[in-house]
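The structure appears right after this line, and notes come after that.
Here, each number is a calculation from the coordinates, and none is a lab measurement. Remember, predicted model here, so these are calculated numbers, not experimental data. Here the Cβ is made from the backbone with ideal geometry for all residues, glycine too, and neighbour counts use every protein chain on show.
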Amino acid sequence: MNHQPYKRFKVGLFDIFRGKKKEEAVNFADIDIWLNNQVENKHLDIRISRAKNVVKELIAEGHAGLEALEKAVLINDNITVREKQIMEGHRKVYIQRLKKFLGELDVPDDFARIGHYVARFSESLGELSQDTRKNYLVLSQFMESELARIIRVVKNIERELSNLQREIDDEGIDMIKEAKIRLHHFVDDENKKRNLENEKVEKDNELDLIRKKKEKLETRLGELKESKEYADLKEVIDAKKRNEEEINSIEQEMITTFAELNRPLKKYTHNAQQENFADKYIADPAGALEEDDSLVIHDLLKKMNSELENLELKDRQLEKTREMIKRLTREYLIKQKIDLGRLKQANKETATKVNKSVVALNISENESWLKSIDKKTEQIEDEIHDLEKQIEGINLDYLKQKVKEKIKEIAAHVNVVE
């Protein structure tokens, strides 16, 4: 199909009711211009421009009225200081709210947006009236004429916008307005999708870079773990692990033993001088043994063993207590104490070697960086997934079709082409 130059299109509204016309084509990219062309002869842009100028003048008049209200003095000054303070507070708030309201007024140039703008204006005006009602009632007792001037300005703005909306509605161009709204939705979503896709490309590139960085770190970490220095370090670390396992075994054995002696020791040392000492063994047997250089616990248990009959223990617990005391010989306690000291000292020396190891430091740094990179990678992947969902949710073909359908309603002889 040969496309006629766009400037030749002068399609009237509702052609379908005026007889069949020769088919014409318009590029989708030119639809906004085409729609504007349909209302060009209605001079809506002139009417909107005139209304904007009127509103602009009224806004200026409103600011002048607020300035007059700000400078106004009381005719009757015969009120208390407290009343003056209350009045000034209401005046300040009222002026701030009205200045903000007037400052945010900006009539759109596009006729299709006028209806929404006027509706939003009415809503905002209602909120303003409600929020400043108390301020107005207080000020009206002192500065009625200044307030009346401002209220008159606001009402005139409302009247001007309502008249503009009525003029547009009277032209019967609701379908063109709907088409423009649909087109705006398409353009907005098209821009949004483009921005999301660009953002996704940036995130993909960022993810690619961070993955390459991770590969280098993993290679470096592998090289470090293949070095002789690491092999030597690993022997030290393995020795430390074996020491810790032995320490844990001794500690668990002591905990198990003293768990059986818990109740007897508490009863025997209750309110006695050695109660706190016994509590330490009950809470942390290995730790208490390390501090018990004179093996006071052995003497305490030996003495308790001779007085067990006085503790009113059940037969089974009495038997178990004697069994545990029998196990806790001086030789056993000395061996456990020496072993704990030896193993912990060995661990200190091992820790010193690890801390001084350059290869250990390098491995630790690389592993820390890898953890950070993994966390960052997960974050970026989540962001990419979210972007993909947003992009997938934008159906431009559907929005474009809705625009085309509305154009067909406006002018049946017009075909929209890509």
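Spatial offset of segment 350-369 relative to segment 397-418 amounts to 69 Å, using the alpha carbon center of each.
When the P(r) is computed for the chain, the part past 28 Å accounts for 75% of the Cα-Cα pairs.
Summary value for the chain: 30 percent relative contact order, contacts being C-alpha pairs under 8 angstrom separated by 6+ residues.
Within the shell of other residues whose beta carbon sits under 11 angstrom from the beta carbon of residue 401, the net charge comes to +4, with Lys and Arg scored +1 and Asp and Glu -1.
Annotation: amide H of residue 415 within the under-5 Å range of 24, 25, 26, sequence separation 5 or more or interchain, hydrogens built in the peptide plane. For residue 214, list the lysines whose Cα falls under 25 Å from its own Cα; do not include residues on the same chain fewer than 8 positions away. Once the sequence-local lysines are set aside, what remains near residue 214 is 200, 203, 225, 228, 234, 371, 375, 376. Rounded to whole numbers, the Karplus 3J(HN,Hα) couplings from phi for segment 374-384 are 4, 5, 5, 4, 4, 5, 5, 4, 5, 5, 5 Hz, using 6.51 cos²θ - 1.76 cosθ + 1.60 with θ = phi - 60°, and x at Gly and Pro.
Order by neighbour count: 69, 161, fewest other Cβ atoms within 10 Å first, most last. With the fewest neighbours first, 69, 161 line up as 69, 161.
In whole Å, what is the distance between the alpha-carbon centres of segment 62-136 and segment 253-331? Between the Cα centre of segment 62-136 and that of segment 253-331, the gap is 84 Å. In order along segment 334-351, the phi-based Karplus estimate (6.51 cos²θ - 1.76 cosθ + 1.60, θ = phi - 60°) of 3J(HN,Hα) comes to 5, 4, 4, 5, 5, 4, 4, x, 4, 5, 6, 5, 4, 5, 4, 5, 5, 4 Hz; Gly and Pro are listed as x. Determine the alpha carbon to alpha carbon distance for each of 22/406; 212/348; 280/314 and list only those over 28 Å. As for pairs spanning more than 28 Å Cα to Cα, those are 212/348.
For residue 240, the aspartates and glutamates whose Cα falls under 14 Å of its own Cα, not counting residues fewer than eight places away in the same chain, are 232, 349. Partner aspartates and glutamates whose Cα lies under 18 Å from the Cα of residue 134, excluding those fewer than 8 positions away in the same chain, are identified as 70, 83, 88, 144, 146.
Here the Karplus curve 6.51 cos²θ - 1.76 cosθ + 1.60, taken at θ = phi - 60°, turns the phi angles of segment 240-253 into couplings of 4, 5, 5, 4, 5, 5, 5, 4, 4, 5, 5, 4, 5, 5 Hz, with x standing for Gly and Pro. Applying a DSSP loop filter and a limit of 16 other Cβ atoms within 10 Å to the GluC sites (Glu not before Pro) in segment 196-285 leaves 226.
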